[in-house]
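The structure under discussion appears below in the form of structure tokens.
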Amino acid sequence: MIEGLAALYIFMLAGFTGFEIISRVPVILHTPLMSGSNFVHGIVLVGAMVALGIAEDTTQQIIGFIAVLLGAGNAVGGYVVTERMLEMFKPSKKKEGSEG
Amino acid sequence: MEMIIQASYLIAAAFFILGLKQMSSPVTARRGIVWAGGGMVLATLVTFAAPEITGSEQAGTNIVLIVIAIAIGGGYAWVSGKKVAMTDMPQMIAMYNGMGGGAAATIAAVELLKAVTEASHDPTGNTTIADVLGADVAILGILGAIIGTISFSGSIIAWAKLDGRLNRSKLLPAQHIVNAFVAIATVGFAVAIYFSADLNTIIIFYALALVLGIFITVPVGGADMPVIISLFNALTGLAVGFEGYVLGNAAMIIAGIVVGSAGSLLTQLMAVAMNRSVANVFFAGVGTDSGAVTGDGSEGIMKEIQAQDAGILMAFASQVVIIPGYGMAVAQAQHKIWELTQLLNEQGVSVKFAIHPVAGRMPGHMNVLLAEAGVPYDMIYDMDDINADFKNTTVALVIGANDVVNPSAKTDTSSPLYGMPILDAFKSDNVIVIKRGRGTGFSGVENPLFFADNTKMLFGDGQKAASQLIQAVKELT
């Protein structure tokens, strides 16, 4: 369903999109943004689920299991650390000291 | 159902892009990650209903296995992510990134194994993996496998190095030449997979790619680690995008390629900020092979100052610029520094924080550490915004930073730092340097700033020195 030229168009447009997003980001957010993009490629979890889902023998199931394990780690871990970092960014008007 | 799933993937992809967009401004950043998280949950949930999974012969077992794997992998990541200290954030990101690369590589492995099984049904034995999968899927699948595997093993080495578990920068003599041979062998086996359908070829290929990732990362110096982590992040994105093509999954293609290109640009920005090229990071290392750096021309006397006097100087200043480095975070002094800042503000002193692009261990890492202490982001200035302001500054307080304020990067063509952009602390009326001892910085280069006429040294542990400064300022009020 996503083949040949159509896929090339998606590759190209997605490439430009990524470039645009990062080119206007202040240095202050580089680490959270790297962490955030690290979370976004955690979508690999979905592919890992399919890979395990279509597994036919034990070897494939073991490898697929590892894939889902790693993918889930990427997605969940990426979210938790990014959220923790971004939670702390606040402007000076607010009261300080809500840190737990 | 297929329609609903595809539509959900599309929505998830849109949420990822919008989320990343919002993450590029401090005001909306928090909302951004929540949006992206929502997209991820949606995509994961609908995948359980995907016809490939529900229609499989082993659907029951496989779905149970999926749930168990998500529970274990996600549970481990949740716990470790919640408790990791902010200073250890870079290695944790490297770890999660490596997991993503490993996931992409294992997806490719499942696809390749299935293709081998299918090819074995052909009695003539002439069917290759390319025949089974089609040329485009086979090529992108194998490419994703190489990239994902290198990112996996490389990220784990990066994690081990940053976590202080691995200090070696050399495994073998002539490492670069060995690396080149391993790289060629890996590509050779990748081509062999394409033109055959042999299990052993696939196993050797993965083993070589794993070794290559390790060999590439081990020689990289500690200071260059941010560039490597960022690069592996981009590579994982690329691998995810390629495997997305193999599986015909639009969300994976879009998310993966967006991260791949964004990460490549970020890597480039970081390398430029450190005055290195990406290639240079791999094939040399300031921290590793230039141990014999000469400290010529910066002989002189360091002038010491007591915390009492430094406090007075700052309390009656019109503007104080604080330049924090990783040393501040190691000493856990950021909370004290913020307390000091508030005291100075009460005295009517304007206080700004100046952050060098590579302060900390990743660009922006220092901002995160300051934010953790409660410093609002609008008091924190990038190098380009603050450098013109140093001439209006009464006191520049350098704490735990060294190379990023070394003026020889501007003046001394023989210095290894020459050409690196620096914070122009030397232009302010007074410079106070809080420093543990008289040694050189991470790069081992002498810093003439410490010997300058307007520089005073405040020797001691960062946290203790900051406490003394707070005491000194308090006594004046």
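The values are calculated or read from the model by the stated rules, or taken from the named source; none is laboratory data. Bear in mind the structure is a predicted one, so any value in this text is a computation, not a measurement. Cβ atoms come from the backbone with ideal geometry, glycine included; neighbour counts cover every protein chain shown. The accessibility values were calculated without ligands, DNA or RNA, using every heavy atom of the protein model including side chains. Shrake-Rupley method; radii C 1.70, N 1.55, O 1.52, S 1.80 Å.
On average, how many beta carbons from a partner chain sit within 10 Å of the beta carbon of a residue in B:1-12?
1
About its Cα centre, what dipole magnitude does the stretch B:307-474 give when the only charges are +1 on Lys and Arg Cβ and -1 on Asp and Glu Cβ, stated in debye to the nearest 20?
420
Between B:Ala185 and B:Ala279, what is 0.36 nm times their sequence separation minus the Cα-Cα distance? Round to one decimal in nm.
31.8 nm
Give me Rg over Rh for the protein assembly as shown, both radii from the alpha carbons and Rh done the Kirkwood way, two decimal places.
Answer for the protein assembly as shown: 1.03.
Mind scanning B:Lys21/B:Lys410; B:Lys21/B:Lys83; B:Lys303/B:Lys410; A:Lys90/B:Lys464 and naming the pairs with a C-alpha gap bigger than 25 Å?
Violating the 25 Å Cα-Cα cut-off are B:Lys21/B:Lys410; B:Lys21/B:Lys83; A:Lys90/B:Lys464.
First check a/c for the stretch B:350-418, with a ≥ b ≥ c the square roots of the eigenvalues of its C-alpha gyration tensor; if it is under 1.5, answer rounded, and if not, answer prolate when a/b is larger than b/c or oblate otherwise.
Oblate, since a/c reaches 1.5 and b/c is not below a/b.
Please work out the FRET efficiency for the pair B:Ile301 and B:Arg165, using the Cβ-Cβ distance as r and a Förster radius of 45 Å; give the result to the nearest 0.05.
0.65
DSSP loop GluC sites (Glu not before Pro) in the stretch B:25-128 with at most 16 other Cβ atoms within 10 Å of their Cβ, which ones?
B:Glu57
Specify which residue in the list B:Val375, B:Thr393, B:Ile312 is farthest towards the positive end of the charge dipole of chain B, using unit charges on the beta carbon of Lys, Arg (+1) and Asp, Glu (-1), about the Cα centre.
The one lying farthest along the dipole's positive direction is B:Ile312.
Calculated FRET efficiency, B:His335 and B:His176, Cβ-Cβ r, R0 35 Å, to nearest 0.05?
With R0 = 35 Å, the Cβ-Cβ based efficiency is 0.20.
Peptides B:465-475, A:80-90: what's the order by average Cβ count within 10 Å, highest mean first?
Highest-to-lowest ranking by the protection proxy: A:80-90, B:465-475.
Taking the Cα centre of the stretch B:87-291 as the origin and placing charges on Cβ (Lys, Arg +1; Asp, Glu -1), which of B:Asn200, B:Gly134, B:Pro90 is farthest toward the positive end of the dipole?
Value computed over the given set: B:Pro90.
So what are the ³J(HN,Hα) numbers for the stretch B:168-181, from phi and the Karplus equation (6.51, -1.76, 1.60; θ = phi - 60°), rounded to whole Hz, Gly and Pro as x?
Each residue's phi maps through the Karplus curve to give 6, 10, 9, 9, 10, x, 6, 3, 5, 5, 4, 4, 4, 5 Hz.
Amide H neighbours of B:Val351 under 5 Å, counting only residues 5+ apart in sequence or on other chains, H built in-plane at 1.01 Å?
Here the answer is B:Val320, since their amide H atoms fall under 5 Å of that of B:Val351.
May I ask you to rank B:Thr54, B:Thr413, B:Thr149, A:Thr17 by accessible area, largest first, using a 1.4 Å probe over the protein chains only?
Sorted descending by solvent-accessible area, the residues read B:Thr413, B:Thr54, A:Thr17, B:Thr149.
Based on C-alpha coordinates, I'd like the Rg and Dmax of chain B, in Å.
26.3, 92
Based on Cβ point charges of +1 for Lys and Arg and -1 for Asp and Glu, what charge dipole magnitude is obtained for chain B about its Cα centre, in debye rounded to the nearest 20?
That gives chain B a dipole magnitude of about 860 debye.
What's the magnitude of the charge dipole for the protein assembly as shown around its Cα centre, counting Lys and Arg as +1 and Asp and Glu as -1 at the beta-carbon? Answer in Debye, nearest 20.
Computed charge dipole of the protein assembly as shown: roughly 1360 debye.
Peptide B:110-117: average number of partner chain Cβ atoms within 10 Å per residue?
5
Normalising by the residue count of the stretch B:166-222, find the relative contact order in percent from Cα pairs under 8 Å and 6+ residues apart.
The value is 53 percent.
Per-residue mean of other chain beta-carbon atoms within 10 angstrom of the beta-carbon, peptide B:262-275?
So the per-residue partner count for this stretch is 4.
If packing is taken as the average number of other Cβ atoms within 10 Å across a peptide's residues, how do B:376-384, B:348-356 rank, most packed first?
In descending order of packing, they fall as B:348-356, B:376-384.
Please give, to one decimal in nm, the separation of the simple spin-label points placed at B:Asp136 and B:Ser120, each 7 Å out from Cα toward the Cβ.
If labels sit at B:Asp136 and B:Ser120, their model points lie 3.0 nm apart.
Can you compute the modelled spin-label distance between B:Thr477 and B:Val41, with each label point 7 Å from Cα toward Cβ, in nm?
Result: 4.3 nm between the two label points.
Round to the nearest 10 and give me the degree value, 0 to 90, for the angle of helix A:58-87's Cα axis relative to the longest principal axis of chain A.
With rounding to tens, the tilt is 10 degrees.
Using the C-alpha atoms of the stretch B:112-185, what convex hull volume per residue, in cubic angstrom, is computed?
Considering the Cα atoms of the stretch B:112-185, their hull volume per residue is 127 Å³.
Determine the shape class of the stretch B:307-474: with a ≥ b ≥ c the square roots of the Cα gyration tensor eigenvalues, call it rounded for a/c under 1.5, and otherwise prolate if a/b is greater than b/c, oblate otherwise.
Rounded.
May I ask you to order A:31-43, B:31-43 by the average number of other C-beta atoms within 10 Å around their residues, highest value first?
Going from most to least packed, we get A:31-43, B:31-43.
Residue by residue, what Karplus-based ³J(HN,Hα) values in Hz, rounded to whole numbers, does the stretch B:257-265 have, using 6.51, -1.76 and 1.60 with θ = phi - 60° and x for Gly and Pro?
For the stretch B:257-265, the Karplus curve yields 6, 4, 5, x, 7, 4, x, 4, 5 Hz.
In nm, what is the difference between 0.36 nm times the number of residues separating B:Asp378 and B:Glu52 and their Cα-Cα distance?
112.4 nm
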